[in-house]
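Heads up: the structure comes next, in structure tokens.
The values are calculated or read from the model by the stated rules, or taken from the named source; none is laboratory data. Every value quoted in this text rests on a predicted model; they were computed, and no experiment measured them. With ideal geometry, Cβ positions are generated from the backbone for all residues, glycine too; neighbour counts draw on all protein chains shown.
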Amino acid sequence: MGVNLPWAQRIFRTTRHNLSKFPDGPFDGVVCLWTLMDIPDAEATLASVARVLRPEGWFVMCVTHPCFYSPESSDVVDDNGVAVREVRNYFKVSFWVSNTSNPKSVRVKVGAHHRTMSAYLNAITDAGLVLERTGEPQDVDAVTGPVAHSRPTPLTFMVRCRKA
């Protein structure tokens, strides 16, 4: 586009493993979209994020909702024909692979590192980030296909924080 932005103003697509190439504090903001549950060491990742943020910099993350997508959880239909989300092993912090009947599910293919909601929030504050907002959106019209019957539970947990 003919615009020559300083390197700190460009958008970088990266992983925790190469945040070390950046100095402390060059970024106004960091987005971690649908990946933190795929990273084994969330605490180290969040510490790296905090390190590269300038003071008052922002961080936004979005993960599958830890309260409803945990090892061995599933969608079931109760005796009245109502679809519900059955949550098992919420407190089992571990790597897991989904046993869903949908072979195209990303969790069938790559699994996830399940953590409790408090584990995410504590790791955020331990990294020196201050929680500003959380979100658990329910977009009923956007959910179709194999997960449509789990609409009563949020699919996503979102967090916005700021570096102190």
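If I go through the range 118-164 residue by residue, how many of them are modelled with pLDDT of 80 or more, touching a strand residue (DSSP E or B) at 6+ places or on another chain (Cβ under 9 Å) and loosely packed, with under 15 Cβ neighbours inside 10 Å? The number of residues fulfilling the criteria is 10.
The strands (runs of 3 or more DSSP E) falling completely within the range 38-123 that include 2 or more residues that are of a type in the set (Phe, Trp, Tyr) map to 53-64, 94-96. Of the candidates Val63, Val49, the single residue that is in contact with a helix residue (DSSP H, G or I) (Cβ under 6 Å, 6 or more places away or on another chain), at pLDDT 90 or above and buried (at least 17 other Cβ atoms within 10 Å of the Cβ) is Val63.
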